[in-house]
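Just so it is clear, none of the values below were taken in a lab; they were calculated from the coordinates. Computed from a prediction, not measured in an experiment: that's the story for all the values here. As a convention, Cβ positions derive from the backbone with ideal geometry for all residues, glycine included, and neighbour counts pool all protein chains shown.
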Protein chains: 2
Amino acid sequence: MEQVTLKQIAEYLGISIATVSKALKDYPDVSQKTKALVKAEAERLNYQPNSFAVNLRTKESRTIGLIIPEVVHFFFGNIVRAIITEAEKKGYLVIILQSDDNPELEKKQIDLLISKRVDGIMISLANNTVDTSHLQKVMRLGIPLVMFDKISKLVPCSKIIIDDRKAAYEATKHLIEQGCTKIAHFRGPLLPQNSIDRFLGYKKALEDHGLEYNSKHVFLCDPIIYEKGREHANAVLDEGMDIDGIFANTDMVAIGALSVFNERGIKVPQDLKIIGFSNWFISSAMTPTLSTVDQDGIKMGKKVFKRLFKELQAKKNGQLLPPETIAMPTKVIGRGSSMVSKAALTAKS
Amino acid sequence: MEQVTLKQIAEYLGISIATVSKALKDYPDVSQKTKALVKAEAERLNYQPNSFAVNLRTKESRTIGLIIPEVVHFFFGNIVRAIITEAEKKGYLVIILQSDDNPELEKKQIDLLISKRVDGIMISLANNTVDTSHLQKVMRLGIPLVMFDKISKLVPCSKIIIDDRKAAYEATKHLIEQGCTKIAHFRGPLLPQNSIDRFLGYKKALEDHGLEYNSKHVFLCDPIIYEKGREHANAVLDEGMDIDGIFANTDMVAIGALSVFNERGIKVPQDLKIIGFSNWFISSAMTPTLSTVDQDGIKMGKKVFKRLFKELQAKKNGQLLPPETIAMPTKVIGRGSSMVSKAALTAKS
DNA sequence: TTCATAACCGAAAACGTTTTCGTATTTTCG
DNA sequence: CGAAAATACGAAAACGTTTTCGGTTATGAA
């Protein structure tokens, strides 16, 4: 029941604790013979170092913190999965906290992680986090910090993002290439950088292709949920707006809109084309299948941990790496909701 | 940069470390005056106890482990969310590990958690975990253990589950009540208890209602994914099977089947009725909306943590609670995929 | 005043590990 | 053979906290 300690092994073998410790860690100043003896005994007794003591002594916990707005979210899910996996490979454990998009909670959780003495922190900000003092505190304490997806440009730490502006530009361009000329945008909340950037990319694409930007064609989704997509789609129809394309901030919103159009007999993609964002796997299971922008959560998660790990290593060596911002690639995926494919044509004729 | 310690406060105030420690914890043998002094100073210096030292001294980490097959999964997502929230309220941090339904990995992760000296462990087993020695080890070490959802009856610990057999029975009965007489079952893998129970519930419902059980009507989904639903739905059609209802092990599978029927012009629910399992939120966004069995992940998560907490408390008091198995309620939710509602009738007429 | 009691404080051990430094023993080699 | 060097081990401090126990001072009662 009780866990065995170095002391017990030492007493059993009649040698000192120090030697036992060193033997287990293959120090050069322990003879092969005693090493073998100690290791055998440790094995036999199923010795496991007491991590509390190790932590105290080495001042590191081999534990890192991760704060995200929502665990359930499919995109974060992939990121989480990747981070956990990568971290485990390097012997790190991940403590996950969910901010529920609540800046107050986010602050508390940062404090919690600091008090637990995590070695590093990864965070995707709550949508409406404006005060970054808690993050400044993390930096002040010298705790490596990596931000991803939802970032704040005010914090001088490393960041892993996608080029939202470019991705949105490409998505909008895709609709234009499919023949849309009056494109609405179901945008995300006003604050987080990526919903701003997606909006800007959308706007830029219109301008670059000689289409007029109309602020009435921009609908705010706050929060970014299924129902908002439905709401705005209904608004578009009820007000009889002249729209032939929609670029939605997120697949979730796009699917909400799609469900309304299906219900109200609007033919997608013939009457109206839609493209979402994030390539949620279920988007390929809709009828019609949903066009979207693919952002690889797994790859992103890997990158996030790898960056943090680099900074952890650097810190151990007494160095401090200059912050770095890395943009991950994205890709427009054209599907049934924006493309009148040959198959779709056949089915209709 | 460096964290302040009791020693520093003590030196600054010219008193002993012991007194500082006791003052902060409101020991009765410290005067109000020094308590005030110490607290003010601690506040000013932003003192935070070094949890490594606290852990070592108190032999508890206020950290608990959670192992689940898949974080991304919406059902587990809800559970995770609930557990984290509840745990935080009681001052516990949650370390989440993902087993990827891999028993080997699961074993390793248990060891990892043990070596990190978590105070307790919650686990939903990998689908094909048969050897439970790693769990026995947890119990042998006296670490409180709570299993949920995917459990093993061989481990004498507390368990939080749903009554899968009853739920499946109700789901099948629902189809029968809607007029189905030839009901197929897209079942889950052979091993985990809940997919066995769902199958048994399905079978029992058939028998109780005078319908013949036909093993050809049972399709194995291993793993339980969207594609399996498609695959079997196609098989049903290709082989021209005489089927008028499907009870799927999971919404995911049901949605896969639904997409095939939509594509191939099978009218749901007129030609064929479907019911899924778990009430994945997207299931109400399908066309038609998907009937399902609601199992409340949030409630379950809460229950899981609360039970673990109870055992943690008991352990502190030197007690050992007898294991308890709690079944959470479920509810059949009839929607468009199994019910020809008035609205649907109108639309068709 | 004196003694018992209460109130307050601190010394010190303990938790289990890591690591430095010193020392004792053995080996090497001129 | 003797000195230098290599080898092997252990003592002890340190990490920062908690808690027991003993001691000192103040308080009150006799």
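Rg/Rh, computed from the Cα trace of the stretch A:1-91 with Rh as the Kirkwood radius, has the value 1.18.
Adding -39500 (n - 2.57) for every DSSP H run of four residues or longer, then dividing by how many residues chain B holds, sets the calculated 222 nm ellipticity at -14000 deg cm²/dmol. Above 40 Å, the calculated P(r) of the protein assembly as shown contains 41 percent of its Cα-Cα pairs.
Please give the charge dipole size of the stretch A:6-49, origin at the Cα centre, charges +1 on K and R Cβ atoms and -1 on D and E Cβ atoms. Round to the nearest 20 debye.
40
Partners of residue A:182 within straight-line reach, counting aspartates and glutamates whose Cα lies under 13 Å from its Cα and excluding those fewer than 8 residues away in the same chain: A:207, A:212, A:242, A:244, A:271. Note on A:258-264: average number of Cβ atoms from other chains within 10 Å of each residue's Cβ is 2. Placing a label point 7 Å from Cα along the Cα-to-Cβ direction at residue A:324 gives distances to the equivalent points in the other copies of 5.2 nm, listed shortest first. Computed over the alpha-carbon atoms, the stretch B:222-268 gives an Rg to Rh ratio of 0.93, Rh here being the Kirkwood radius from the mean inverse distance. Under a Gaussian network description of chain B, with springs only between Cα atoms under 10 Å, the residue in B:107, B:35, B:166 that fluctuates furthest is B:35. Sort all Cα-Cα distances of the stretch A:6-49 into consecutive 5 angstrom bins from zero, then give the percent of pairs in each bin up to the one containing the longest distance. Reading upward from the zero bin: 5, 27, 41, 22, 4.
Which entries in the list B:204/B:273; A:173/A:302; A:303/A:331 go over 25 Å, if you measure between the two C-alpha atoms of each? Let's see the in-between values first.
Numbers: B:204/B:273 19 Å; A:173/A:302 30 Å; A:303/A:331 18 Å.
Where the Cα-Cα span goes over 25 Å, the pairs concerned are A:173/A:302.
How far is helix A:251-263 tilted off the main Cα axis of chain A, in degrees rounded to 10, range 0 to 90? Relative to chain A, helix A:251-263 is tipped by roughly 40 degrees.
For a straight C-alpha distance cut-off of 18 angstrom, the lysines reachable from residue A:116 (same-chain residues fewer than eight places away being disregarded) are A:59, A:107, A:108, A:137, B:59, B:89, B:90, B:116. With the charge dipole of the protein assembly as shown set up from +1 on Lys and Arg Cβ and -1 on Asp and Glu Cβ about the Cα centre, the Cα lying farthest toward the positive end among the listed residues A:78, B:338, B:240 is that of A:78. For the stretch A:249-336, the calculated P(r), taken from all Cα-Cα distances in 10 Å bins from zero up to the bin holding the longest distance, is 16, 34, 19, 15, 11, 5, 0 percent. Other protein chain C-beta atoms within 10 Å of residue C-beta, averaged over B:274-283: 1.
How do the peptides A:228-237, A:273-282 rank, highest first, by the average count of neighbouring beta carbon atoms within 10 Å per residue?
The most tightly packed comes first, giving A:273-282, A:228-237.
Using only side-chain charges placed at the Cβ, +1 for Lys and Arg and -1 for Asp and Glu, the dipole size of chain A relative to its Cα centre rounds to 1400 debye.
Contact order, relative form, for the stretch B:6-49: 34 percent (alpha carbon pairs under 8 Å, 6 or more residues apart, mean separation divided by residue count). Helix B:164-177 and the longest principal axis of the C-alpha atoms of chain B enclose an angle of approximately 30°. Inter-chain Cβ neighbour count for B:83-94, averaged per residue, equals 3 (cutoff 10 Å, partner chain atoms only).
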